[in-house]
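I have placed the structure first, in the form of structure tokens, so that the comments after it can refer back to it.
The values are calculated or read from the model by the stated rules, or taken from the named source; none is laboratory data. This structure is a prediction, so every number in the text was calculated from the model and none was measured. Here the Cβ positions follow ideal geometry from the backbone for every residue, glycine too, while neighbour counts run over all protein chains shown. Heavy atoms of the whole protein, side chains included, go into the accessibility calculation; ligands, DNA and RNA do not. Shrake-Rupley method; radii C 1.70, N 1.55, O 1.52, S 1.80 Å.
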Amino acid sequence: MKIRNTILYFIGLIAFCSCSDMFEPADRNFRHLEDLTEESKYAHGLLMYGYARLPYMRSTQTDIATDDAVTNLRTSNYLLMATGSWAADNNPMTQWNTCKEGIQYINLFLSIVNDVKWAPSAVSKQQMFVDRLKGEAFGLRAVLYYYLIQAHGGYADDGTLYGVPLLLKAEDGSSDFNQPRATFADCVKQIFADCDSAMALLPFDYKDISSEDDIPAKYKALGAIVSGYNLVFGIKARNLMSGKVAEAVKAQVALLAASPAFREQSGVTSAQAATYCAAVLKRIGGIDGFDPTGNIWYKNKTKLEPSADEMPEMLWRQDRVKDAEQEKENFPPSLFGNGRVNPTQNFVDAFPMRNGRPITDPNSGYDPQNPYANRDPRLEDNVIYNGQTFRRSVIITGNYTIENSEPSNNRDKIATSTRTGYYLKKLLRDDVNPLGSSLIEQQHIYPRIRYTEIFLAYAEAANDAWGPKGDPTGVGFTAYDVIKAIRVRAGLGTNEIGQPLPEGDAYLEECANDQARMTDLIRNERRIELSFENKRFWDLRRWMLPLNEMTKGISIDRNDATDELTYKIIEVEKREYDNSYQLYGPIPKEEVLKWSNLKQNRGWR
């Protein structure tokens, strides 16, 4: 177990350093834990190790284990998992070791943070550093426990909904490692408490101030000045854990806990989840703070540059990265990519028509022999489909070619061709060239939390608690208002040139009078808006929806005499999940075998 190796490293380090009579260089080359209080940069390293173990991904990965996508990489662990190999000792979705390691580092840091000499010559700076760094640590621990209970929370054979062992102090050689799992409800309470502690210590956001009047009274009383405050809490700390991030994490956890898979024993209601989400959104003015271009942030090239202002869509993001990795993995083979993530027909069918109606609605106007006409504009933003022009090239994924098209893009033509008839487009920059000899890299931003996610979380929880138009707490916006804003941004309820239809978004208005239909609509909007951001797998499980839907694709043929195309839906990959127990992930088998007090989730062996 990696976390135990970390503990043994520290124990060994201390033991080795104590043998100075045998190994004289030890005191010079190694540091005791207590020495960290004298050397702030080494103490800060413990906190940075916590950041390094945050489980946020920089690429589309887990969606290929859902109904939204497959991959042409036949050795992918996610493909193997989805086709029958998911087990307690073979779990690509595990967060166990990484998150527990991060928590160990955080707990070590919290045990010394008050004693470290961060700025010993200035009382106010010392206290500000202690508060900020401690607040960061509480917030990071909340994130790590959130991902642990999402991946490993579940019902044991005794009928109890468990989370994971709650470890709030650093483990050492004298610790009892045979710890039982805390209940899911207790884990949620602890995460909420850590979020509250972070919010009490951290500013809502990091920004420079220009007046002493803006210095909090507690620091002003210690003699803080503007430059000192900005050094600790100023804009240079942006993208670290902050008050607004901790508040958003609390909202995410509340939504998870109030979801169908967990609500029975989580102690959290949908009304509570909606309230926590609303607290985040009220800080940006509710619907007035909704970013009109937030769904295509990855296309906003000027905003992606390091010199640009922050995007209003980004609540928390990773650092900008100049690379071509996503494009190298996912461009069609004719554009020197590997075509790895192939959106499914299942996903394409989730996009409504431009008038807002699902393609299954008899009034939608959908034509199965012209399937991409008059569709939701987001389809073209997310997916490269047959005949679409991308980087000045016409991409043909059908079973034919045209002049200047590349046969390698055809379905299943070569190992890097699409398996479904579709290529990924979302998150990719069209000004990247992944070809090694002519490599052109560009700036990318990978979000950790987007405001759209919190808006959708509010809509889901508020609709579940109070219905589509309920607002008993007086927040000022409803589930209906949120979904309307999202669909207006997408261009639904308009004609081909973007003019509003006389009937507007009639389908939304129909759903506004039916809570169950609004639930389905909200879930579909979440599916589209957060697609390929590694959310879908977790959403299906917390909603208790089937994981084993057959993934489908499209086979397109052309009549050479008439140029007429014919479209046929095909089966691509059978998913071998067992919905009777795999809605909850396993505790790692080696941990259950090692520690007798650690109960496994039912069904896993």
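Compared with the dominant Cα axis of the chain, that is its longest principal axis, helix 451-466 is turned about 80°.
Which length gain, in nm to one decimal place, applies between A200 and A561 when the Cα-Cα distance is subtracted from 0.36 nm times their residue separation?
Stretched fully, the A200-A561 segment lengthens by 122.8 nm.
Placing unit charges on the Cβ atoms only, positive for Lys and Arg and negative for Asp and Glu, gives segment 138-254 a dipole magnitude near 300 debye about its Cα centre.
Of the labelled figures [x] 18; [y] 14; [z] 23, only one reflects percent of Cα pairs over 50 Å apart as derived from the coordinates, namely [y].
Under a 5 Å amide H cut-off, with hydrogens placed 1.01 Å from N, F390 pairs with I395 among residues at least 5 apart or on other chains. Of the whole protein surface, D291 contributes about 20 Å² of accessible area at a 1.4 Å probe radius. For the chain, the relative contact order works out to 18 percent when only alpha carbon pairs closer than 8 Å and six or more residues apart are counted.
Shown is the FRET efficiency for E310 and K218, computed with R0 = 25 Å from the Cβ-Cβ distance and rounded to the nearest 0.05: 0.35. By how many degrees, 0 to 90 and rounded to 10, does the Cα axis of helix 515-529 deviate from the longest principal axis of the chain? That helix lies at roughly 80 degrees to the long axis.
Keeping every protein chain in place, order W118, W297 by accessible area at 1.4 Å, biggest value first, i.e. largest first.
Working: W118 35, W297 5 Å².
The ranking, largest first, comes out as W118, W297.
Dipole check for segment 65-138: with +1 at the C-beta of Lys and Arg, -1 at the C-beta of Asp and Glu, and the Cα centre as origin, the magnitude is about 340 Debye. For segment 588-604, the Karplus equation 6.51 cos²θ - 1.76 cosθ + 1.60, evaluated at θ = phi - 60°, returns couplings of x, 4, 5, 6, 5, 5, 7, 10, 5, 8, 9, 7, 7, 5, 4, x, 8 Hz by residue, with Gly and Pro reported as x. Only protein heavy atoms count here; on that basis, with a 1.4 Å probe, K552 has an accessible area of about 80 Å².
With a simple spin-label model that places each label point 7 Å from the Cα along the Cα-to-Cβ direction, the separation between E325 and N524 comes to 3.5 nm. Site pair D381 and S437 shows an inter-label distance of 3.7 nm when each label is modelled 7 Å from Cα along Cα→Cβ. Using a probe radius of 1.4 angstrom, the carbon and sulfur fraction of the accessible surface of segment 298-405 is 43%. In terms of its C-alpha gyration tensor, segment 497-561 has an oblate overall shape, because the principal axis ratio a/c (a ≥ b ≥ c, square roots of the eigenvalues) is not below 1.5 and a/b does not outweigh b/c. Of the residues I359, I497, ranked by 1.4 Å probe accessible area with the largest first, the sequence reads I497, I359.
Less than 5 angstrom separates the built amide H of D376 from those of M353, R354, all sequence-distant by 5 or more or on a different chain. Available extension along the chain between D208 and L501 is 100.9 nm, counting 0.36 nm per residue and deducting the alpha carbon span. When nucleic acids and ligands are ignored and a 1.4 Å probe is applied, K299 ends up with an accessible area of around 80 Å².
At a probe radius of 1.4 angstrom, the accessible area of the chain per residue rounds to 41 square angstrom.
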